[in-house]
Amino acid sequence: MNCELLATCSALGYLEGDVYHKEADCLESVKDLIRYLRYEDDTRDVRQQLGEGHILEHDLLPIIIQHGHEKALFDACIRLMVNLTQPALLCFGKVPDDPVFRHHFLQVTSHLQAYKEAFATEKVLGVLSETLYNLLQMEWEQRQEEDNLLIERILMLVRNVLHVPADPLEEKKVDDDASVHDRLLWAIHMSGFDDLLKFLASAQSEQQWSMHVLEIISLMFRDQTPDTLVSAGHARSAEEKQRDTSELEGLRQKEQAEKRSRTLQRGSRHSRFGGSFVVKGLKAIGDNDMIYHRNVHNFKNYTHDMGKAVRRVPRRNRQARERQDQRRSALNVRLFLREFCVDFLENCYNRLMYIVKESLIREQSQEHDETYYLWALSFFMAFNRGNNFQADLVSETMSTRTFNFIERNITNYYEMILTDRKEATSWSRRMHLALKAYQELLMTVNEMDRSQDESIRHSANVIKSNIFYLMEYREIFLTLLRKYDGTTQPQSYLKDLVESTHLFLRMLERFCKGRRNLVVQKKRVKRKKSKKDKKQPVVQRTPEALADTWKNVEEQLKVVNFQLAESLTESIVPFDATSETPLEEQRTEAMVRVQDALQAQLGSEALALLRAAREVWPEGDVFGSTDVEPEEELELLKQILHAELPRSAPPPETQMEEEGEDDADLEEDEEMEAVQVSETEFKFLDFIKKFANPNVVRPYLLLLKSYAKNTPHTNHCIARMLHRVAFDLKMDALLYQLSVFHLFNKILSDAAAAAYKELVTFAKYVLNRFFSLAATNNKAYVELLFWKNVGAVREMTEGYVKDGVEKMPAWTEEEEQELAKLYEEHRHSEVPDIVETLLPLLSNSTRTRRQVVTQLVRMGLVDSAKELKKPKKGTNIVLWTEDQEEELQMLYEEYKDSDDVLGNILKKLTAKRSRARVVDKLLSLGLVSERRELYKKRSRSAHPKNSAAKMSEEDFLAELTQEPLNREDEDESEESEEDDELELEEGQSSGSRRRQSLVSKEERQASVGAKVSRLHEEGMSEALQWLQRCLDRAAKSREEDGFSQATPLVPLTEACEDAMEDKTFHGLLRNLGMRAPANEQETFWRIPEKISSSQLRSAAASLRQNPNESKSEEVLVEDDDPPEEHREEKKEVSDSQRADALRALVVARKRKQHSSKDDVLGLDLASIEDAKSSFERAKEKTTKRNRMLDNAEEQDDCSTTVMDTHTNGDADSDEEDVSAPVKRRRKMVLIDEDEEED
C-alpha cells in the first residue's frame, strides 16, 4: 500500500475487540481518502489498495455503528462507502478486453463481493434504517439540503451493495440454501429497511426517490421468479403435481428405453475382442471398401467425422450465451419477499409506476432507467396473475398507452442493435426485458378476459380491440421473428418470443370468431416519384398554335371584362431597382415576360404586367399610352404575342445552380416516403399467411432442435405454429428441407418419443405428405437442399414450367400478318376499345389482351401501350352531334325563362353529360354570353306580408337596393360554381331545419352558459380551463397547418379524468360540438374536423366566463328577448317605419362613401356593409353545413349549429355568426342611424 495512503488509514483509529477507538483526526482522514479516490488512475489503484486493507470492514462500518451520533463523521463515512461500493462496470466503463485491465476489473469485483458479505449483518442495516427513518420523520419544509443528500446517499449505498454480483464458485450454494444475497435480504427485512422502501414508494411527498426505490426493489428480486414466490409456503396444487408427474414419467421412459437399447447392443460374447469388419458399399479414402475396427453394435453411430478436430466457430458467428440460471432462495427469504410483493401491489405499485413513467416520458431520469420499469411491470404483474388475480392492483400499467410505450422501446432497442454493434449484447438484453413486459401485458389481458366481473371483461375487450386495430401492435411479433439473430439474441429470448406469438394469435383468433366484420388499420409506405425535369417545355411558335393561344387569351380577358384582381395587381413588379441590369434590358425582359404569360395562356397576368410596365416606362408609349382603351390593349397584347423578341440566355453559373437545385430536389423527393393509412376488413387466415415465410419458420425450427430441454408448453407453441402453416395454409412444402427432416428423424428415433406425442404426430404427417409428392415429382429430393419461398412451394406442388417452353407463346408469321391486317381494318373505326374488338377476331383464341398490346407495340403499329389503355367507365362523351346540339338549343329556348335553366336542361337531355360540358356548349353556341345567366334564380317575393319582422336586415336591404346576392367570383373554377348551385338547390330542402336551429340558438347559448356556471359551482374550473386550452391549441394548429383533422381530447390530470366521466360535462361537450367515442376502438372525445378555427376560438371564449359573468350574460339574453307584452309592442311596429329607417341608412352609406368628415361613423357603416356581405356568405356556408349533416349522427348534426352561437364579431371572417338574433342587429342599425342624424 502507498505510504501516504497507509498513514491516512492508520489515522482513522483501531478496533480492539468489539470496540472501535477513533483517532482525533478521523474525520479529516476520511475526507483525505475521498480526495485520494477522486485522483486515482485508470487501474483504480487506490480502490484496490483500500480493498486489500479491508478499510470498509475493519474501520468504516464500525465507525458508523459505534459513532453514528457524530453527524459530520457519519456523513463523510457514508459518502466514502458510496464511492467504494461503486460497481466495477461503472468504474471501468465496460468489461475490459485488455488482459491487464481485465485483471484489475476482477480484483475490484472481488473486493466488492467482500464488502457485500460485510454488509449482510443486522447491525449495519439497522443503523442505516434508523438514520433514514429519522430523516423521513422530518417535514420537507424542515429538511436542509444536507438531509436530502444523506437520504440519497443511503439509498445509493444500499443499491450499490445489492448490485454486487454473486460468486457461485466461492459460495457453492444449492437451492433452498442461504447465499450472501439471501443473508443481505434477511438483514434488510430484520432492520425494517423494506418498510421504509414501501413508505418511500407510496408517500406523495417522497416521490423524488421513486427511481432509487425501484432500482433497489429490482435488485432485491434479482434471483427470484414470480412463480417460486407465489408457491412459497403453499402446498403444491393438483396441476403442479400433474406437471411434475408427467415430467418424471417422461424421464423414466427415456431411461428405460436407453436401458433396453443397451441390452440389445450387448452381445453374448465379451467385448474384449472387438474385431475388424469390411463395410460393403461404403468407400474409404481410396477405392476400397472401408474397414471398421470397433464393435459392430456401435456401427450405426459411425460417421466420417469421427476423430476429426472440431472446427472453431468465429466469434461473430457464435450463439449468444444465456445468462446464469436463477436459483431458489431459502424458504424464510422467499416468504418475506412474497409478503413484500403483496403489500407492494396493494399500496405502492400503481402510484410508483405512474411517477416513474412520467419521469421517463419527460426524460428526467438517467439513461437506460426504463429497464427497471420494464422489469417491475413484468415481475409484479406476473405475481399478481398467479396470486389471486386482481385487475385493480395493476390498473396503472394496464392500458393501451403502456402497449405503445413498450412497442416504441422494442423498436428503439432493435435499431440500436443494428447501429451499435459493439454493445449489441446489452441492447439485446434490454430488448428481451421489453419483450417480457409485452408478453406479460398480453397474459394479463387474457386473464382479464376470463374474469367473472363484467366490467373487467369489458375493459379487456376495449384493450384488445385497440391493439388488434393498430398495425404496429398486430405485426410486432411477425417483425421480431423475421429479424431474429441468434448471434446477439439468446435462445431464452426466442423461447419468450415464440410463446408470446402463440398467445397473441390465440387471443386474436378468439377475438375474430365472435365478429363477422373486423375493421383494422392498414399502413402502406408509398414512395413518392421523383419530380420531372423542371425545364419549361418548348412552346410551339407556329401560326396555328399562336392563333389558338390568342383565342383562349382573348376569351379570358373578355370574360373578366378587362378587370384585374387587386392581389394580382399588387404582386406584379416589372422593375427591379436593386438589379445591376440596365433599364433598357429590363424593359426588354418585361416585354418577354408579357409574351411568356401570353404563351402560357395567362391573360390576366399578362395584362397586369403590361399595365405595370406602362407605369414604369411611360415614355415612347412602348407599352401603350396612359389613356389607352381596352380594345387597344387587346391589340397591343396580340402584337406582343406574335412578335419575335430577343431572348438572352441565362449565365452558365445560374444554369449550374439551377441544375444543382433540381438534382437536390430530385434526391429529396426520391428519399421521401409517404405513409398511407387506411382501414380494411381483417381476415385471420390472411394474417396467418404472413407467417408462411422461411425467415419466420427458421427460428421455430431452431428452437425445436432443443426439444428435449424445452418445456411441454414451448414444444406445443412450436407445433401449433408449424401446424398452422402446414395444415391450415396447405404450405407443408415449406418444411421440405433436409435439416428439418434430420430433426424429424431425431424426434422419431428418440427413446422417449412417447413424451413428445404432438411432435411425433406432426412429423409423421409432414413426411407422409412429402413421400406422396415425391411419387409424382422426381425433383422433390433435390428441393430438400434449399429453403423455399411461396413461389417455389407452388411450383414444387403444382408443377414446373417445362424446359424450352416460354411462358408467353411466340407469335408466328401468320399470326402477325393476321393481327396487322385486322388492326389496319379497325384502326379508323370509332370503337371505344380496339383491342377488345380484335381479340374475338383472332384465330388463336388463347391470346390475352396484354399479349396483343405487347405485340402491337413490338411490331411498331402503335407507339406506346398507353394508347391502347382501357377506357374508364363513365360518361366520357366529348363530341356533340348535330342532333344533340339542336336538342340543346330547343331545351334552352323552352326553359330560358325558368328559375333553374341549367337544372331543367340536364334533366331533359337524352345523352347525359356533366354540368361543365353543358355550360361550355351553351357558351360556344352563343346562347348565353356569360355563366351568370345560368345561375339558379332566387325568389325574393316569397315572404308573406306579416313576415317582415322575421326577415333579416340584409335580405330587406337587398330588396330595397335591388342588389344581387353575393355569388362566387368569376375567377373561380367551374366545379366550385356547380357545387355551389347544387348546394343552393339542396339548401331549400333544408331551410326549415336551418330556421329551426336559428330560432333555438339563444336557448343553446343559455344552455352552454348554465352548464358552465354549474360546472364552476361543482369545482370543475380546472377541467374547463383544460378544455379551453385544448380548443385554443386546436384552432391555432388548424390556422397554421391549413387543414383540419379530428383531434382527441386526452385528459392528463385526475381532475380532467373525473370531469370526462361527469354527465353534465358530457352535455357541455355535446353542446360545443365535440364528438363522443364512436365505438370500443375509440377511447377519447374528439374535436370534429369540420369545425373551423374561428368557431373553436368562440367556443373557448364561452368557457372563460365565471358564474357571475354567466349570470350577467343571461341578463343580456333576457334583455334581448323581452317578455311577451314587450314582444307584442314590438310587433306593432309597421313595415313602413322599418323601411324608412333602412332607406335612410342606405342613403347615408352612399353619401359617406365620398366623404371622410366623420371617421368613426364611416368605420361603423363599413363594418355594417361587411357584415351584410359576410352574412350572405355565411348563409351559403350554413346551407352547405346543413346538407353535409343530413345523414350524420345526431350529436354531429347539432355540433356546428351550437358552435355558431359563440362566433366572434369579426366582420371580415367567413365564419360570421349567421344566427345572431335579428332584434339585436336591428337595434345596432337604429343606433347607427341616430348617430348619423346627430
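The values are calculated or read from the model by the stated rules, or taken from the named source; none is laboratory data. Please read these numbers as outputs of a predicted model, since none were measured by experiment. Because the Cβ atoms are built from the backbone with ideal geometry, glycine has one as well, and the counts that use them run over all protein chains shown. For the accessible areas, the whole protein counts, side chains as well, though only heavy atoms, and no ligand, DNA or RNA atoms are used. Shrake-Rupley method; radii C 1.70, N 1.55, O 1.52, S 1.80 Å.
Worth pointing out:
- The single condition among (1) in contact (Cβ under 8 Å) with a residue 60 or more places away in the chain; (2) within 46 Å of the chain's Cα centre (by Cα) that Asp732 does not satisfy is (1).
- On inspection, Leu503 fails the criterion of being at negative phi, open to solvent by less than 20 Å² (accessible area, probe 1.4 Å), under 22 Å from the mean Cα position of the chain (by Cα) and at pLDDT 90 or above.
- The lone criterion from (1) in contact (Cβ under 8 Å) with a residue 40 or more places away in the chain; (2) assigned to a helix (DSSP H, G or I) left unmet by Leu15 is number (2).
- For the range 81-92, the count of residues that are free of Cβ contacts under 8 Å to residues at least 60 places away in the same chain and within 17 Å of Val30 (Cβ to Cβ) is at least one.
- Flag for Leu508 being under 25 Å from the mean Cα position of the chain (by Cα), at pLDDT 90 or above and either basic (Lys, Arg) or not in a strand (DSSP E or B) (or both): yes
- Flag set for Cys1056, criterion: buried (at least 18 other Cβ atoms within 10 Å of the Cβ), modelled with pLDDT of 80 or more, part of a helix (DSSP H, G or I) and over 22 Å from the mean Cα position of the chain (by Cα).
- If the condition is being in a loop (DSSP other than H, G, I, E, B), touching a residue at least 24 places away in the same chain (Cβ under 8 Å) and exposed (fewer than 15 other Cβ atoms within 10 Å of the Cβ), then the range 910-930 contributes Thr910, Ala911, Lys912, Leu925, Glu930.
- When restricted to residues that are at pLDDT 85 or above and either surrounded by 15 or more Cβ atoms within 10 Å (Cβ to Cβ) or closer than 30 Å to Lys779 by Cα (or both), the range 803-815 contains 2.
- Any chance Gly1019 is without any contact (Cβ under 8 Å) to a residue 12 or more places away in the chain, loosely packed, with under 15 Cβ neighbours inside 10 Å, within 23 Å of the chain's Cα centre (by Cα) and on the phi > 0 side of the Ramachandran plot: no
- In this structure, Leu112 does not qualify as at pLDDT 90 or above, surrounded by fewer than 16 Cβ atoms within 10 Å (Cβ to Cβ), aliphatic (A, V, I, L, M) and within 48 Å of the chain's Cα centre (by Cα).
- Residues (more than 24 Å from Ala166 (Cα to Cα) and either out of contact with any Lys or Arg (no Cβ under 9 Å at 6 or more places or on another chain) or of a type in the set (Ser, Thr, Tyr) (or both)) located in the range 204-222: Ser205, Glu206, Gln208, Trp209, Ser210
- Looking only at the range 606-647, and only at residues there that are acidic (Asp, Glu), within 17 Å of Phe562 (Cβ to Cβ) and open to solvent by 80 Å² or more (accessible area, probe 1.4 Å), the one that is modelled with the lowest pLDDT: Asp627
So that you can scan it fast, the table gives a plain yes or no per residue for (1) within 22 Å of Met353 (Cβ to Cβ); (2) part of a helix (DSSP H, G or I); (3) modelled with pLDDT of 90 or more; (4) within 22 Å of the chain's Cα centre (by Cα):
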| residue | (1), (2), (3), (4) |
| --- | --- |
| Thr411 | yes, yes, yes, yes |
| Leu435 | yes, yes, yes, yes |
| Gln489 | no, no, yes, no |
| Glu499 | no, yes, yes, no |
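- Residue that is within 20 Å of Asp59 (Cα to Cα), within 48 Å of the chain's Cα centre (by Cα) and of a type in the set (Lys, Arg), where the choices are Arg159, Arg143, Arg153: Arg153
- Cβ pairs under 9 Å, 6+ apart, first in the range 827-840 and under 13 Å from Lys870 (Cβ atoms), second part of a loop (DSSP other than H, G, I, E, B) and open to solvent by less than 40 Å² (accessible area, probe 1.4 Å): Leu839/Arg847
- When Ala72, Ala88, Ala76 are screened for being open to solvent by less than 70 Å² (accessible area, probe 1.4 Å), hydrophobic (A, V, I, L, M, F, W, C) and under 49 Å from the mean Cα position of the chain (by Cα), only Ala88 passes.
- Among the residues of the range 330-380, just one is surrounded by 15 or more Cβ atoms within 10 Å (Cβ to Cβ), assigned to a loop (DSSP other than H, G, I, E, B) and charged (D, E, K, R), namely Asp369.
- Complete set of residues in the range 29-49 that are touching a residue at least 60 places away in the same chain (Cβ under 8 Å) and open to solvent by less than 40 Å² (accessible area, probe 1.4 Å): Thr43, Arg47, Gln48
- Residue count, the range 1070-1092 (criterion: touching a helix residue (DSSP H, G or I) at 6+ places or on another chain (Cβ under 8 Å), open to solvent by less than 50 Å² (accessible area, probe 1.4 Å) and either at pLDDT below 80 or in a helix (DSSP H, G or I) (or both)): 1
- Among residues of the range 706-745, those that are closer than 24 Å to Gly250 by Cα, assigned to a loop (DSSP other than H, G, I, E, B) and among the aromatic types (Phe, Trp, Tyr), counted: 1
- Only helices (runs of 4 or more DSSP H) whose full extent lies in the range 173-259 are considered here, and the ones with at least 1 residues that are open to solvent by 20 Å² or more (accessible area, probe 1.4 Å) and of a type in the set (Phe, Trp, Tyr) are 180-191, 193-202.
- The combined condition, being part of a helix (DSSP H, G or I), at pLDDT 80 or above, among the hydroxyl-bearing types (Ser, Thr, Tyr) and open to solvent by less than 80 Å² (accessible area, probe 1.4 Å), is not fulfilled by Ser1007.
- Taking first residues from the range 58-69 that are farther than 15 Å from Ala11 by Cα and among the small types (Gly, Ala, Ser) and partners that are open to solvent by less than 30 Å² (accessible area, probe 1.4 Å) and part of a loop (DSSP other than H, G, I, E, B), no Cβ contact under 9 Å between residues at least 6 apart in sequence or on separate chains turns up.
- Inclusion of Arg327 among residues that are open to solvent by 20 Å² or more (accessible area, probe 1.4 Å), in a loop (DSSP other than H, G, I, E, B) and under 30 Å from Lys173 (Cα atoms) is warranted.
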